[in-house]
Amino acid sequence: QFRKVSAAIMIRPGSALSRAKTKAKTNANVAGPAKKAEVKKPQLHDFIANRDWTGAITLLEFDKRSGEDRANLMLWLGYCAFHNGDYKKAIDVFDEMLISGEGGPELHVYKACCLYALTQYKEAEVEALQGKESPLQNRLLFHLAHKINDDGPEGKLMVYHSKITESTEDQLCLAAIHYLRSHFQEATDIYKRLLLENRDFLALNVYVALCYYKLDYYDVSLEILAVFLASQPNSVTAVNLKACNHYQLYNGKAAEAELKVLQNAATAANIFNDNDLLRHNLVVFRNGENALQILPPLLDVIPEARLNLVIYYLRNDEVQEAYNLIKDLEPTIPREYILKGVVHAAYGQKQESREHLKLAQQLFQLIGASVSECDTIPGRQCMASCFFLLRQFDDVLVYLKSIRTYFQNDDDFNWNFGLTSASAGEYKEAEEALLLVQNERYKAEYCYVSWLSRCYIMNNKPGMAWEAYLRMDTTNESFSLLQLIANDCYKMGQFYYAVKAFDVLERLDPDPEYWEGKRGAAVGVFQQVVASRESKERLQEVVGLLRNTNNPQVEYIIRVIKKWAKDNGVKIQ
């Protein structure tokens, strides 16, 4: 399900929105041809102050071509290219400086930052180690150790962690690592402390709001976010986070409505086309619309893209594709463990593989029994799934009943609750839950039809089970449903529908067992009529069904029934 939305991915420098804005600002500084006033050359610091990276790059390249004597021109050019999201251009600038001997070993660290942004982590580490030791180098290597998963007891992560100081930059770096490792409370504590010390660092409010979003405190996240949005109402990151909070609190339409602010503020025709994060989240807000077109190219850009594409495949019953996409994923956060468990459960059922079902059960148990998740709704769902796979249905109901109020209109929950209740013998609750399912694809599945029919029979509504059979096409599944109706009705003493079912079974397959069931059910109907527990009119139909069988016992049974009918004034042809 598209429930977890990526609010964590910061917009990359140089999105379509920033380019559109800067282009507009650059044009605003150019005098029109009709004006004769002298055009004043724009200043670099003005461009940088306005985060107009395109304008800054244009000015610097003009100065470079014209031989302008500007201090640190190439360094500024690399800096602006980096912040504009043009990391390859920045690398070219730094390489040119390294070849010419302009600048020092810190250029290797700057180049490594670009490689990191391009997700080339191994190359970034090699390049960074060639640079001069500095706080920036340590922060970069710290993040690279996390990305490369070098975080064992003796791993590099702890080495670089030990060098983190109390400086604002280092503490922001540490908070980011906590966030990336799903230690949201630790990250929040650092951001709050920094915010107390630096009230004018308004962007810290976004980071705090982001952490509260991840902790499922959506209302709190919105309150904190409002502080930043009051001064920066068109921030893509902040508006996107607000939309994600609305998605969690309300629905996709409410979330998408929040994004209209960005479209109205942008000069580009459609900012969503060129912004990966917004395009990704629109797929989620629109319940998977255009998922196959948008999500695959984003698999290595936005982590949640892989998870949401897996969910899309599961929703469309494309279990093999979902399995192929997630089988090599090493889960690190609860939702990844949960989704991998769901895929293995679906794949195991499809392939009848005990190995995959066992793995799914272990993944569910790992999350459901963890201290951090055991009392959350997903944690209880996991324990319910674990016990379901272990066929311990009474234990499943304990967990499902504890969270049922949150899922009154959820088809998946009602399906699971219905099947579990029926398996535990609580047929009244099972029938109620199954009838709440609205998804037509679910309702057409044999599993649903058969379990609902069993509930009808156990709740003394065999006629509804028979109607369910009559609505089915003649297939192997309809034959199986007939067997269920025949045997369950016989067991429950609902002999009229049992004899009807056994009659059809006998005509489809002349197995002696079906005749024996039909004979017993026919006698059972006769006994109920004699005891005034069944309508006398049904004797005529039972006699007609018996005559469909070519067996010497038929005439004897019919003779007994007719004799009683004659003595009691019941007319039988």
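Looking at GLN438, GLN527, GLN483, GLN494, which is the one that is closer than 29 Å to THR420 by Cα and open to solvent by 70 Å² or more (accessible area, probe 1.4 Å)?
Of the residues listed, the single one that is closer than 29 Å to THR420 by Cα and open to solvent by 70 Å² or more (accessible area, probe 1.4 Å) is GLN438.
So if I check each of ARG279, ARG306, which one is closer than 30 Å to HIS183 by Cβ and under 14 Å from the mean Cα position of the chain (by Cα)?
Numbers: ARG279 fails: under 14 Å from the mean Cα position of the chain (by Cα).
Of the residues listed, the single one that is closer than 30 Å to HIS183 by Cβ and under 14 Å from the mean Cα position of the chain (by Cα) is ARG306.
Only one residue in ASN275, ASN245 is surrounded by 14 or more Cβ atoms within 10 Å (Cβ to Cβ), at pLDDT 95 or above and in contact with a Ser or Thr (Cβ under 6 Å, 6 or more places away or on another chain). Which one? Break it down into steps so the answer makes sense when it comes.
Details: ASN275 fails: at pLDDT 95 or above.
So the residue among ASN275, ASN245 that is surrounded by 14 or more Cβ atoms within 10 Å (Cβ to Cβ), at pLDDT 95 or above and in contact with a Ser or Thr (Cβ under 6 Å, 6 or more places away or on another chain) is ASN245.
So which residues in the range 231-242 are at pLDDT 95 or above and either of a type in the set (Val, Ile, Thr) or surrounded by fewer than 18 Cβ atoms within 10 Å (Cβ to Cβ) (or both)?
Passing the criteria: only VAL239.
Which residue pairs have Cβ atoms under 7 Å apart, sit 6 or more places apart or on different chains, and have a first residue in the range 93-113 that is basic (Lys, Arg) and a second that is surrounded by 15 or more Cβ atoms within 10 Å (Cβ to Cβ)?
LYS111/ILE91; LYS111/PHE94; LYS111/GLU127
Could you say whether any residue in the range 555-571 is under 26 Å from ARG454 (Cα atoms), open to solvent by 30 Å² or more (accessible area, probe 1.4 Å) and not in a helix (DSSP H, G or I)?
Of the residues in the range 555-571, the ones under 26 Å from ARG454 (Cα atoms) are none.
No, because not a single residue in the range 555-571 is under 26 Å from ARG454 (Cα atoms), open to solvent by 30 Å² or more (accessible area, probe 1.4 Å) and not in a helix (DSSP H, G or I).
Report yes if GLN171 is open to solvent by less than 20 Å² (accessible area, probe 1.4 Å), among the polar types (S, T, N, Q) and farther than 20 Å from TYR79 by Cβ, otherwise no.
Taking the combined requirement at face value, the residue satisfies it.
What are the residues in the range 404-455 that are within 23 Å of the chain's Cα centre (by Cα) and among the aromatic types (Phe, Trp, Tyr), if any?
Across the range 404-455, the qualifying residues are TYR406, PHE407, PHE413, TRP415, PHE417, TYR442.
If I filter the range 110-131 for residues that are in contact with a Gly (Cβ under 9 Å, 6 or more places away or on another chain), more than 27 Å from THR58 (Cβ to Cβ) and not small (Gly, Ala, Ser), do I get at least one hit?
So far as the range 110-131 goes, no, none of its residues is in contact with a Gly (Cβ under 9 Å, 6 or more places away or on another chain), more than 27 Å from THR58 (Cβ to Cβ) and not small (Gly, Ala, Ser).
Only one of VAL227, VAL284 is closer than 30 Å to GLN351 by Cβ and touching a helix residue (DSSP H, G or I) at 6+ places or on another chain (Cβ under 7 Å). Can you tell me which? Before you say what the answer is, go through the steps one by one.
On the way: VAL227 fails: closer than 30 Å to GLN351 by Cβ.
Just a single option satisfies the conditions, and that option is VAL284.
Looking only at the range 53-60, decide whether some residue is surrounded by fewer than 18 Cβ atoms within 10 Å (Cβ to Cβ) and at pLDDT 75 or above.
Filtering the range 53-60 for residues surrounded by fewer than 18 Cβ atoms within 10 Å (Cβ to Cβ) gives 58.
Next cut, at pLDDT 75 or above only: 58.
Checking the range 53-60: at least one residue is surrounded by fewer than 18 Cβ atoms within 10 Å (Cβ to Cβ) and at pLDDT 75 or above.
Go through LYS461, LYS500 for me and flag whichever is surrounded by fewer than 18 Cβ atoms within 10 Å (Cβ to Cβ), within 27 Å of SER423 (Cβ to Cβ) and basic (Lys, Arg).
Numbers: LYS500 fails: surrounded by fewer than 18 Cβ atoms within 10 Å (Cβ to Cβ).
When all the criteria are applied, what remains is LYS461.
Give me the residue from the range 86-116 that is of a type in the set (Gly, Ala, Ser) and either closer than 19 Å to LEU136 by Cβ or touching a His at 6+ places or on another chain (Cβ under 8 Å) (or both) and, out of that set, surrounded by the fewest Cβ atoms within 10 Å (Cβ to Cβ).
Taking the candidates together, the pick is GLY104.
I'd like to check something: does the range 143-158 contain any residue that is modelled with pLDDT of 95 or more, open to solvent by less than 80 Å² (accessible area, probe 1.4 Å), closer than 27 Å to SER372 by Cα and among the β-branched types (Val, Ile, Thr)?
No; the residues of the range 143-158 include none that is modelled with pLDDT of 95 or more, open to solvent by less than 80 Å² (accessible area, probe 1.4 Å), closer than 27 Å to SER372 by Cα and among the β-branched types (Val, Ile, Thr).
State the number of residues belonging to the range 117-134 that are open to solvent by 70 Å² or more (accessible area, probe 1.4 Å) and either without any contact (Cβ under 8 Å) to a residue 24 or more places away in the chain or hydrophobic (A, V, I, L, M, F, W, C) (or both).
4
Please name all residue pairs, on different chains or six or more residues apart, with Cβ atoms under 6 Å, provided the first residue is in the range 375-401 and is at pLDDT 95 or above and the second residue is among the aliphatic types (A, V, I, L, M) and open to solvent by 40 Å² or more (accessible area, probe 1.4 Å).
These pairs meet every condition: LEU389/LEU357.
Identify the single condition in (1) within 30 Å of CYS447 (Cα to Cα); (2) open to solvent by less than 80 Å² (accessible area, probe 1.4 Å) that ASN551 does not satisfy, given that it satisfies every other one.
The single condition ASN551 does not satisfy is (1).
Would you confirm whether any residue within the range 152-166 is part of a loop (DSSP other than H, G, I, E, B), touching a Lys or Arg at 6+ places or on another chain (Cβ under 6 Å) and free of Cβ contacts under 8 Å to residues at least 12 places away in the same chain?
Looking for residues that are part of a loop (DSSP other than H, G, I, E, B), touching a Lys or Arg at 6+ places or on another chain (Cβ under 6 Å) and free of Cβ contacts under 8 Å to residues at least 12 places away in the same chain, one finds none in the range 152-166, hence no.
The values are calculated or read from the model by the stated rules, or taken from the named source; none is laboratory data. Keep in mind it's a predicted model, so treat the numbers as computed, not measured. Neighbour counts are summed over all protein chains in view; Cβ atoms, including those assigned to glycine, are modelled from backbone coordinates with ideal geometry. Ligands, DNA and RNA are excluded from the accessible area calculation, which covers all protein heavy atoms including side chains. Shrake-Rupley method; radii C 1.70, N 1.55, O 1.52, S 1.80 Å.
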